[in-house]
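Right, one structure below, let's go through it.
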Amino acid sequence: MTTAVVTGPGGAVQHPVHHDEPSFVRKYIFSTDHKVIGIQFLFMSLLFLVIGGALAMLMRYQLAWPGEPLPMGLGETRAPGGIILPEFYNSLVTMHGTIMVFFAIMPLLVGVFANYLIPLQIGAPDMAFPRINMLSFWLAVPAGILIVASFFVIGGAAGAGWTAYAPLSAVSEYSGVQAGQNLWNISLIILGFSSILGALNYITTVINMRAPGMTWFRMPLPVWALFITAILILLAVPVLTGALIMLLFDNVLGTTFFLPASGGEPLLWQHLFWFFGHPEVYILILPAMGFVSEIIANGSRKPVFGYPAMVIAIASIAILGWLVWGHHMFQSGMNPMLGSIFMGTTMVIAVPSAIKVFNWLATMWKGDLHFHVPMLHAISFVALFVVGGLSGVFLASTPVDIYLHDTYFVVAHLHYVLFGGSLFGIFAAITYWYPKMFGRMMNETVNRIHWLLTFIGFNAVFFPMHMLGSAGMMRRLYDYTEYPHLEPLQETNIFMTWAAFALFAAQLLFAVNFIWCLFRGRRADPNPWNANSLEWTTPSPPPHGNFPATPVVHRGPYEYSSPDVADRDWYPQDELPRVVGAPAHAAETEVRR
Amino acid sequence: MNFWTLPESFSTFGDDIDAIFLTITWVTVAIFFIVEVALVWFIVKYRHREGQRALHIHGSMRAELIWTAVPFLIVMMIAVQSAGVWFDARFPGRIPENAYEIAVRAKQFEWTATYPGADDELGTEDDFTSRNVIHLPADTPVVVHLTAEDVIHSFFVPELRVKQDAVPGMAQRIWFEMTEPGEYVLGCAELCGLGHYRMKGRIMAYTNDDFMRWDLEQRRPAVAVAGTASTEAGGAP
Amino acid sequence: MSTPASLSMLPPVDAAPGIRVYNQKLGMWVFLLSEIMFFTSLIGSYIILRSAHPEAYPTPGSVLNIPLTAFNTFVLICSSVTMVKAFAAAEVRDARGIRVWLLATIGLGAFFLGVQAFEYWKLLGHGFGPSVAGYTAAGGPLYGSTFYTMTGFHGAHVFLGVVALCFTLFRATRGAYDHGDYGGIEVMGLYWHFVDLVWIILFTIVYLM
């Protein structure tokens, strides 16, 4: 057994690196290796992405052909004779939102990539607290089991929306849901604890475990984004936990926090939920912005334009994100003066988002664009995030929101940000770091087809939702044809449903490619994208302990096409500064103690 | 049916809301095209070719300042324009004095309107009610005292550009003035349980004369339908 | 044995890079930030509900036994003192002192929990419960709901603290802190002082205001 003692700046002893073989269970199941934990999160959250998508397909079926029987049965309590019941539809709405937000997008962005990337990109051998990290994953598992199990209890799964507005969520007589709501509560409380443990790990690791020379402003933008996201998680999630506990107590203990009949305040739930919920919205997009910055710079072979501005924009989004929660409640009866203040802060938060978009464009300007698959997804992110950002301006305007609030316009907006934004960011990140994670390349042709179909399918499903919203179609309607003025929308809905089926089917391509290439993909080089950051200096996949010796960082992560290196267009962060006549690749094994 | 614009507006501040909607549409469509065209242009122009090397540049303070300041000014302009209309629609001080007042109570899954009756006072013996159909005068400001019995509902009349959550335990006051007699759809916009989708109603707007006639008709049998909006339990699905 | 985690438990003499606070201490500070937000959500809700419904909240003295809880508050503050003493003992490598003061902290913490359980039992007997059903005390059920949720979650934190202290004591008896490695005790102390501080805030706003 060889043990390399790894030192950080200041000569502190951090972790020994083992090269002995742990048992299967320690290596793949109860592993404390951040890479394994990241990959565990990846498999789990991709599974939830499929489940959440399948729920959406059922909703789309009902919306295209309201009241017509499904081709398959789902059980008498949910869809007798194949006809979806309204209460089951409410469960679908609720669980699609909950699963996608908490069990798919959030763990994909944070659970997977914060775990996988942070130590690799800052040059650390592992997280600060590997065992807490393991606990974080193994708390997410029971949370996931509970949320899925809630479909199979009497009364069905929670049906009050992913926002769970009380009193509907607090009194089972109102919603018809019994244990399902409590399971939803408990599951999210557990998952919240998992997120907090993860966040404290990421924060400590980024602060304390950067490699020598990895100054704050030499950190790759994904690390910045994940670091700030972790701070948001750390501070926002406990507020949700507090609110969930009160809601759970209202349901099971007979307390009366949100029940007006005995003195509670329904709006208190909304304030608590959105005080968490708006930072959560940024938790769901900031990491994707980080990945996209990284990948666009790589694909453009050009430094990120305005790196400090990018960091400041992320930070200001994170700060402003605490001051805008009221814009979810413009029509809830809040003081109109307060509403205007929230409109002001909400409008201001559009600015840092705009800064980011312009910086991405400027990064591509005069670049040398290579359209590898991650780049295609990253460019799509920019193109679609613009739509999501601009539609947000409509909703931020309080008078316009009077009309658009709780219509499909909101659904369109949030999907352009969460799917067009976050999920395209995730596809970019998965296809970009897949070779590092698994040591194999994904099939590029299949991935290109998948990208094209997803891009077209996504727009075909979600762009018409703007029109439905403008026409006045409310959200979460089991059967909009009840309203005569919404009946003419059925044709559009049928089109969207077919597009949604195609979009879902296109994801199968990705799934097959993903799994197939785990075993049969072409072997990946350590640095298949000719990238600069530290993770590309170790083998693919990296060994336990990540780096053979602690890397020393000499420059920022985006020194592409640097005039200092004429023979190639990348310049790794740990490569010794080139002096005239000095050999390249001198830095790799520089610090070995 | 035109998908690209909102349905025709029939309330006084509805046109103002639509004007802002239109402003934002123009601004955002313009920005959308600027960004997407630039994106496509860069994709085509700077695609990789043999021997091409990217410009090694880290940023530009001037560019950052421009694209910070310009979006800021644009959104602030929109915010200021919005605030005026918002206050007209929502500020308690802007509610007209001479408004006709009714109470609407939402419960799973119906709307009950209570009218003041002969004494023009809500909450008295001679009030009368109607279910899911709300009769109102056009060309007269109307104030709705909105409450909910069980869960949160939302009073949404698309053609009047009116939407207000009805929150149990809270009394909301909203107003609007319809510009034309007619029939307007009322829907629930907040998920309120399994019957949410069928919690719909109508607003019947009459000319002042017609409304006066209707109102008088209701008052005569008032004894038979007397009683304020039902408050007994019965919200369970 | 040397799993990465235990090696980085090494004493703070070798401060880790970054901000020169060793990982465990930094991690605990970060965790406590999260805890602050958790208690803020509960206490903030209490303040909002109480100001919206003053009728549900009679003067605390009419329902709660303030002298008893004041004494209990004193006990918890004393336990913070003994915790500091344990830390001081670890700094000077006083093996016996570590164990004695840790044991004293555990005892005071457990005593606090005992008094709280007694208080709950008495209050429940007087019709002051967390739920609407069976609430017969002064004020409204909202009072009971907020009271039990806030003090209950604080109590749960004390309980977990006592469990963790028992584990710390167990490690202390095996000599884990005898050689200048006071990191474990310092981190434990941070948590314990935080829980104490939360109680002082709770006592002030729930019992005295």
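Every number in this text was worked out from the coordinates using simple rules, so none of it is lab data. Since the model is a prediction, treat every value here as computed from it, not as a measurement. Cβ placement follows ideal geometry from the backbone for every residue including glycine, while neighbour counts extend to all protein chains displayed.
If I model a spin label as a point 7 Å beyond the Cα along the Cα-Cβ vector, how far apart are those points for A:ARG26 and B:GLU183 in nm?
Taking the two extended label points, one gets 7.7 nm.
When N is the residue count of the stretch A:42-190, what does its C-alpha Rg come to as a fraction of 2.2 N^0.38 Å?
1.20
Across peptide A:520-532, what mean number of C-beta atoms from other chains lies inside 10 Å of a residue's C-beta?
On the way: counts 0, 0, 0, 0, 0, 0, 0, 0, 0, 0, 0, 0, 0.
Mean number of neighbouring Cβ atoms from other chains: 0.
Measuring from label point to label point, each 7 Å out along Cα→Cβ, what is the B:TRP214 to A:ASP564 span in nm?
Calculated label separation equals 7.9 nm.
Using +1 at the Cβ of each Lys and Arg and -1 at the Cβ of each Asp and Glu in the stretch A:385-518, identify which of A:ALA428, A:TYR483, A:THR398 lies farthest towards the dipole's positive end.
It is A:ALA428.
What net charge do the residues around B:ASN132 carry, taking every other residue with its C-beta under 11 Å from that of B:ASN132, with Lys and Arg at +1 and Asp and Glu at -1?
Residues close to B:ASN132 contribute a combined charge of +3.
In degrees, nearest 10, range 0 to 90: what is the angle between the Cα axis of helix C:183-202 and the longest Cα principal axis of chain C?
Between the helix axis and the principal axis of chain C, the angle is about 10 degrees.
Mind giving me the FRET efficiency for B:ILE43 and A:ARG522? R0 is 22 Å, r the Cβ-Cβ distance, nearest 0.05 is fine.
Numbers: r = 27 Å, r/R0 = 1.22.
Approximately 0.25, to the nearest 0.05.
Sort C:GLU55, B:GLU101 so that the residue with the fewest other Cβ atoms within 10 Å of its own Cβ comes first and the one with the most comes last.
Going from sparsest to densest Cβ surroundings: C:GLU55, B:GLU101.
Treating the beta-carbon of each Lys and Arg as +1 and of each Asp and Glu as -1, no other charges, what is the dipole magnitude of chain B about its Cα centre, to the nearest 20 debye?
Taking the Cα centre of chain B as origin, the dipole is about 1640 debye.
Neighbouring Cβ atoms within 10 Å as the yardstick, rank A:MET100, B:MET170, B:MET61 fewest first.
B:MET61, B:MET170, A:MET100
Compute, for the stretch C:43-103, the length of the dipole vector about the Cα centre, with Cβ point charges of +1 (Lys, Arg) and -1 (Asp, Glu) only. Units Debye, rounded to 20.
260
Among A:LEU135, C:LEU165, rank each residue by its count of other Cβ atoms within 10 Å, from fewest to most, as a rough exposure measure.
Result, fewest neighbours first: A:LEU135, C:LEU165.
Using only Cα atoms, find the angle between the long axis of helix A:130-149 and the longest principal axis of chain A, and express it within 0 to 90 degrees, rounded to the nearest 10.
It is inclined by approximately 30 degrees.
Report, as an integer, the average count of C-beta atoms from other chains found within 10 Å of each Cβ along A:385-394.
So the per-residue partner count for this stretch is 5.
Compute a Gaussian network model of chain B, connecting alpha carbons closer than 10 Å, and tell me which residue from B:ALA79, B:ALA54, B:ALA113 fluctuates the most.
Most flexible of the set in this elastic network: B:ALA54.
In straight Cα distance, which lysines are under 19 Å from C:LYS122, not counting same-chain residues fewer than 8 positions off?
Partners found: none.
Each residue of the stretch A:396-408 in turn: what ³J(HN,Hα) in whole Hz from Karplus with 6.51, -1.76, 1.60 and θ = phi - 60°, glycine and Pro shown as x?
Rounded to whole hertz, the list is 6, 6, 3, x, 5, 5, 3, 7, 7, 3, 6, 10, 5.
Tell me the label-point distance for the pair A:GLU444, C:ILE47, using the 7 Å Cα-to-Cβ offset, in nm and rounded to one decimal.
It is 5.9 nm.
For chain A, find the longest principal axis of its Cα atoms and tell me its angle to the long axis of helix A:34-64, 0 to 90°, nearest 10.
Rounded to the nearest ten degrees, it is 30.
How shielded is A:476-489 by partner chains, expressed as the average number of their Cβ atoms within 10 Å of its Cβ atoms? Before the final figure, lay out each step's value.
Working: counts 7, 7, 6, 3, 2, 1, 5, 7, 2, 7, 5, 1, 2, 2.
Counting other chains' Cβ atoms within 10 Å and averaging over A:476-489 gives 4.
Can you list the DSSP H helices in chain B whose Cα atoms extend at least 20 Å along the helix axis and whose mean Kyte-Doolittle hydropathy is 1.0 or higher?
Qualifying helices: B:14-45, B:61-90.
Mean-square fluctuation check for chain B, GNM, Cα pairs under 10 Å: which of B:GLU217, B:GLU110, B:GLU159 is largest?
Ranking B:GLU217, B:GLU110, B:GLU159 by mean-square fluctuation puts B:GLU217 first.
Per DSSP helix of 4 or more residues, -39500 (n - 2.57); summed, then divided by the residues of the protein assembly as shown. What does that give at 222 nm, rounded to the nearest 500?
-18500 deg cm²/dmol
With θ set to phi - 60° and the Karplus curve 6.51 cos²θ - 1.76 cosθ + 1.60, what are the ³J(HN,Hα) couplings of the stretch C:99-105 in order, to the nearest whole Hz, using x for Gly and Pro?
So the Karplus estimates, Gly and Pro as x, are 5, 4, 6, 5, 4, 4, 4 Hz.
Which listed residue (B:PHE42, B:HIS58, B:LEU6) has the Cα farthest towards the positive end of the charge dipole for the stretch B:1-116, taking +1 on Lys and Arg C-beta and -1 on Asp and Glu C-beta about the Cα centre?
Value: B:HIS58.
What value in Å³ per residue do you get for the convex hull of the alpha-carbon atoms in the protein assembly as shown?
For the protein assembly as shown, the hull spanned by Cα atoms encloses 171 Å³ per residue.
What is the Cα radius of gyration of chain B over 2.2 N^0.38 Å, N being its residue count?
1.43
Grab the beta carbon distance between C:LYS122 and A:TRP216, set R0 = 51 Å, and tell me the FRET efficiency rounded to 0.05.
Here the calculated transfer efficiency is 0.40.
Calculate, for B:ALA69 and B:ALA30, the FRET efficiency according to 1/(1 + (r/R0)^6) with r their C-beta to C-beta distance and R0 22 Å; round to the nearest 0.05.
In this case the efficiency is close to 0.80.
Once amide H atoms are placed 1.01 Å from N in the peptide plane, what residues at a sequence separation of 5 or more from B:GLY201, or on another chain, have their amide H within under 5 Å of its amide H?
Amide H neighbours of B:GLY201, under 5 Å, 5+ apart: B:LEU186, B:GLY187.
Assigning unit charges at the beta carbon (Lys, Arg +1; Asp, Glu -1) and nothing else, what dipole magnitude in debye, to the nearest 20, does chain A show about its Cα centre?
Values: 25 positive and 30 negative charges, 250 e Å.
So the dipole magnitude of chain A works out to roughly 1200 debye.
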